[in-house]
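Here's the structure, in structure tokens; my notes come after.
The values are calculated or read from the model by the stated rules, or taken from the named source; none is laboratory data. Since the model is a prediction, treat every value here as computed from it, not as a measurement. Positions of Cβ are backbone-derived with ideal geometry, glycine not excepted, and every protein chain shown enters the neighbour counts.
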Amino acid sequence: MAEEIRHQGVVDMIDGQTVVVRIMQQSACSGCHARGICRAAESKEKLVDVHCTDASALSVGQEVTVCGEESLGMKAVGLAFGLPLLFLMVALIVGIAVSGSEKVGAICAFAVLVPYYTLLYVLRDRIKDTLQFRIIQY
């Protein structure tokens with residue numbers, strides 16, 4: 001079985017079969033005894049949309065555990081940063097090779113990101129379906 005990411009959270013809102021869970025995302029050093037004086041420790045509140053077929057069993061303010069496969073994070077990072085970096089580098093190299101100008105290469109490199117992020121925006125619902133968390137305990 002794949003590794004799982006688990007977060008404790010509180011149900012913030014219920015809209016049909018979509019449950020919005022508020023989780024506290026903490027850095028890895030949040031358990032350190034020096035976190036009070038260290039500026040590296042941080043935590044942020046995040047809202048996570050979870051599709052839940054049994055949303056009627058939940059109530060706002062209820063504590064739940066949200067779970068997702070570790071590969072979800074890798075897919076999200078790949079889509080948001082990995083592929084754009086690859087496209088940027090390829091477009092830069094091709095732009096410089098074809099035109100002989102670094103300026104043109106840089107313009108090509110940034111121009112290739114516009115259709116990529118537009119495509120991500122258009123496909124956001126399909127991507128959202130593949131990158132899903134679930135509620136495992138309530």
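For residues that are part of a loop (DSSP other than H, G, I, E, B) and at pLDDT 65 or above, scanning just segment 13-42, find the one that is nearest to the chain's Cα centre (by Cα).
Within segment 13-42, the first condition is being part of a loop (DSSP other than H, G, I, E, B), and the residues that meet it are 16-17, 27, 32-42.
If we keep only those that are at pLDDT 65 or above too, we end up with 16-17.
Values: Gly16: 23, Gln17: 21 Å.
The selected residue is Gln17.
Return only the number of the condition from (1) under 22 Å from Ser71 (Cα atoms); (2) modelled with pLDDT of 80 or more that Val10 does not satisfy.
Going through the list (1) under 22 Å from Ser71 (Cα atoms); (2) modelled with pLDDT of 80 or more, Val10 breaks only (1).
Based on this model, can you work out whether Phe110 counts as in contact (Cβ under 8 Å) with a residue 40 or more places away in the chain and of a type in the set (Phe, Trp, Tyr)?
Working: in contact (Cβ under 8 Å) with a residue 40 or more places away in the chain: no; of a type in the set (Phe, Trp, Tyr): yes.
The answer is no for Phe110.
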